[in-house]
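What follows draws every value from the coordinates through simple rules; no lab data is involved. In this text the structure is predicted, and so the values were computed from the model without any measurement. Neighbour counts run over all protein chains shown; Cβ positions are idealised from the backbone, glycine included.
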Amino acid sequence: MTAPHVALADGAHDRLGVHRKDDAWLDATWADPASRVLVVSGTRVRPVGRTLPWVPTDEAPEGVRVLLGERDATTYWALITGPEVAASQEGEWYPLRGLLPALVGGSSDQAPLVFHALGLAEWHWATRHCPRCGSSLESRAAGHELTCTSCGRTQFPRTDPAVIMVVTDGEPGTPEERCLLGRSPQWPPGRYSTLAGFCEPGETLEDAVRREVAEETGVTVGDVEYFGNQPWPLPASLMLGFIGRAVSTEIDVDADEIEDAQWFTRAEMSEQAEAGTLVLPGPVSISRSLIEHWHGGHLPGQW
């Protein structure tokens, strides 16, 4: 069964990293009429219907030029401007989460480029001063490095590893096998998803799975199996999916991050999803892929 979230990771572009410090090449490629650029105002983009506007570079305003890379013989850039550009123009500008409907629809093949562009835009927005001396930073390496103008220390984009997991109990493949889902206190009634959390310093990914499940639900996990991963620059995460086997099943939620957690058999999950009393994540998320992989088929309804 094809994992639904994979659609947003298909068609990775050549990031052309060897050219990021070649100023002559960068200038020539920027001047190429065939090059295309996505204008990012702060951390927001203005879609046109269900598509994203990649414009010729000579139509882009002033700002930080970020080389994204090449795909299908076209070189793509992002142009990061201040938030005042969005404020001065008509139309709605959206952060990445608001662009997901366009990426799932007509612009799904652009998702890796957009994730790259907005991930770097978020990093530029959040990284204003040198963490060593507090001085200003200068963009280098086609937007992929920020160097301190005083002490010379270089900052690089960061990606935070986050684990996301479906936890199972019972003999695999039997009608009695169950999986564990939880819900946040902020979610509407009926919405459940897989558990997730960030990996802490000095911790393996497998131990992060065990710790997060124990902290949030009180369930102890033994064996942990890798499933897959998904870029999730909201603002700077990589979601690493796992399947964990429970060695205890009593639930004791933390009442902070998790309001409720429940075990579901496949039959219960199908019945409640059909009835709309169980609402599962949409296909854009690796969470949906984990759930449907365990369930063994498509489930109705989504956030």
- Query: Per-residue ellipticity at 222 nm for the chain, helices alone: DSSP H runs ≥ 4 residues times -39500 (n - 2.57), over residue total, nearest 500 deg cm²/dmol?
  - Reply: -7000 deg cm²/dmol
- A correct Karplus calculation of ³J(HN,Hα) over region 228-235, with 6.51 cos²θ - 1.76 cosθ + 1.60, θ = phi - 60°, whole Hz and x for Gly and Pro, returns x, 9, 8, x, 9, x, 10, x
- Message: Give me the percent relative contact order of the chain, please, defined on Cα pairs under 8 angstrom at least 6 residues apart.
- Response: 18 percent
- Task: Work out the length of the dipole vector of region 20-149 about its Cα centre, built from +1 on the beta-carbon of each Lys and Arg and -1 on the beta-carbon of each Asp and Glu, and round it to the nearest 20 debye.
- Result: 480 debye
- Query: Non-local amide H neighbours of residue 46 (under 5 Å, H modeled in plane, Pro and chain starts lacking H): which ones?
  - Reply: 94
- Query: Which whole-number percentage describes the relative contact order of region 160-295, with Cα contacts under 8 Å and a sequence gap of 6 or more?
  - Reply: 33 percent
- Message: Given points 7 Å out from each Cα along the Cα-Cβ axis, report the residue 251 to residue 59 separation in nanometres with one decimal.
- Response: 5.1 nm
- Message: One quarter of the convex hull surface, Cα atoms only: what value does that give for region 54-154 in nm²?
- Response: 7.6 nm²
- Task: Take the Cβ-Cβ distance between residue 28 and residue 109 as r, set R0 to 22 Å, and report the resulting FRET efficiency rounded to the nearest 0.05.
- Result: 0.25
- Using amide H atoms built 1.01 Å from N in the peptide plane, name the residues 5+ places from residue 39, or on other chains, whose amide H lies under 5 Å from its own. 55, 79
- Message: Taking the Cα of residue 135, stepping 7 Å toward and past its beta carbon, and measuring to each backbone N in region 152-176: which are under 19 Å?
- Response: 152-156
- Ordering of 34-44, 149-159 by burial proxy (mean other Cβ atoms within 10 Å per residue, highest first): 34-44, 149-159
- Per-residue HN-Hα couplings for region 201-218, Karplus 6.51 cos²θ - 1.76 cosθ + 1.60 at θ = phi - 60°, whole Hz, x for Gly and Pro? x, x, 10, 6, 5, 5, 5, 5, 4, 4, 5, 4, 5, 5, 5, 8, 10, x
- Item | Kirkwood-Stokes translational diffusion coefficient of region 160-295, alpha-carbon pairs, 4 °C, 1.567 mPa s, µm²/s | 87 µm²/s
- Enumerate the amide H contacts of residue 237 below 5 Å, restricted to partners 5 or more residues apart or on another chain; note that Pro and chain-start residues carry no placed amide H. 160, 232
- Once phi is turned into ³J(HN,Hα) by the Karplus curve 6.51 cos²θ - 1.76 cosθ + 1.60 with θ = phi - 60°, what whole-Hz value does each residue of region 179-196 show in order, with x for glycine and proline? 10, 9, 10, x, 9, 7, x, 7, 7, x, x, x, 7, 9, 8, 5, 7, 7
- Which of 202, 237, 185 sits farthest toward the positive end of the charge dipole of region 169-269, with +1 on the Cβ of Lys and Arg and -1 on the Cβ of Asp and Glu? 237
- Task: Could you state, as a whole-number percent, how many of the C-alpha pairs of region 4-126 are farther apart than 19 Å?
- Result: 45 percent
